[in-house]
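Have a look at the structure below, then the notes.
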Amino acid sequence: MYSENQSDVTEFILLGLSEDPKVQVVLFPIFLIIYMTTLVGNLLLIVAVRMDRRLHNSMYIFLANLSILDICFTSVIVPNVLVNFLSLKKSISYTGCAMQVFFYLFLAETECVLLAFMAYDRYVAICHPLHYNTIMDTMACLWMITLSFLIGCIISSLDLYFTFRLTYCGPNTINHFFCEVPLLMQLSCSDISSVNILKLVSSAIVLLTPLLLILISYVHIIVAIMRISSGRYKAFSTCVSHLVVVVILYGTALFMYIRPEHSVTQGTDKIVAVFYTAITPVLNPLIYSLRNKDVHRAIRRLHITTLISETGKKI
């Protein structure tokens, strides 16, 4: 019999996306390209918003923070996946797994809340344009960002505590490419029924509540857009980009965390997890930010400024 809060497991074995070495050789460059594209795209957006004063409003401040979250989020998981593609022993220490779970949940939950505030920002911009600068001033924007990080930190800390107060006495093999909480809990030799309930409650707070706020915001936005005679395409274009990100992130996260324990299937889980760990972070700057004309202009100006600076140094 094992005492509470004591685990014999010192490391976990990650089976990864595939156990076939040939498949791993193919997947390695694909994931490397996706990861590098994520870093470059999001860093480019952050620098553009930072350097161009015309982008110093709430919409672009939200976008820059979303890019920061995406860089950190994908960096928590993908580099370890790349290493495991080339390793014979695909293991992660007990402490390393706990740290990965915390930062992964913290960044993902923060992003979920931030997307809700971004939907509210679009609601104010389209439904109350005359009061937009008053309602969504810099201070209000910073408070929303701070609140997003605070909620993410609190909920992820609780999730971490209840997940790792369970006893793990073996087996220690996770049929996944990172320490995904639902699959990790299946390895526990403790009673996980109460933890499952707490997981569903926390998931409802950071997934269903923000999603409900997003849906309410977009119902009002769509009604407002249908009433205007001109400028519909531009308004819809801005909103569709946000909705694509929301559908991918929330759809995959709801599939993983708002469902009965017995419905967990590793094959499907791996495919779904790839979307929210690797695909969503690379799509955000591509379909939500870099397609924005203001951002395009800022990046071109940034490129021109860099060329002028380099030319001046050569002279």
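No lab work stands behind these numbers, since they all come straight from the coordinates. Please read these numbers as outputs of a predicted model, since none were measured by experiment. Neighbour counts run over all protein chains shown; Cβ positions are idealised from the backbone, glycine included.
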In whole Hz and in residue order, list the ³J(HN,Hα) couplings for the range 22-37 that follow from phi through the Karplus curve 6.51 cos²θ - 1.76 cosθ + 1.60, θ = phi - 60°; x for Gly and Pro.
5, 5, 4, 4, 6, 6, 4, x, 5, 5, 5, 5, 4, 5, 5, 5
Label-point separation, Thr95 to His56 (7 Å along Cα→Cβ), nm:
4.3
Using θ = phi - 60° and the Karplus relation 6.51 cos²θ - 1.76 cosθ + 1.60, list the HN-Hα couplings for the range 54-71 in order, rounded to whole Hz, with x at every Gly or Pro.
5, 9, 8, 10, 4, 4, 7, 5, 4, 4, 5, 5, 4, 5, 4, 4, 5, 4
Are there chymotrypsin sites (Phe, Trp or Tyr not before Pro) in the range 154-254 that DSSP marks as loop and that have at most 10 other Cβ atoms within 10 Å, and which are they?
none
Sequence-distant aspartates and glutamates (8 or more away, or on other chains) whose Cα lies within less than 19 Å of Lys199
Glu109, Glu111, Asp159, Glu180, Asp191, Glu261, Asp269
I need the GluC sites (Glu not before Pro) found in the range 1-72, filtered to DSSP loop residues with at most 15 other beta carbons within 10 Å of theirs.
Glu4, Glu19
Expected vector for the range 279-284, Karplus 3J(HN,Hα) from phi with 6.51, -1.76, 1.60 and θ = phi - 60°, integer Hz, x for Gly and Pro, equals 6, 4, x, 7, 6, 3
Using modelled amide H (1.01 Å from N, peptide plane; none on Pro or chain starts), what sits under 5 Å from the amide H of Thr167, excluding residues fewer than 5 places away?
Asn5, Cys189, Ser190
Answer with one residue from Cys127, Leu249, Pro171: the one whose Cα lies farthest towards the positive end of the charge dipole of the chain, charges on Cβ with Lys, Arg +1 and Asp, Glu -1.
Cys127
So who's got an amide H within less than 5 Å of the one on Glu11, skipping anything under 5 residues away but keeping other chains? H placed 1.01 Å off N, in plane.
Tyr94
If you take the square roots of the eigenvalues of the alpha-carbon gyration tensor of the range 7-99 and sort them as a ≥ b ≥ c, do you get rounded (a/c under 1.5), prolate (a/b over b/c) or oblate?
oblate
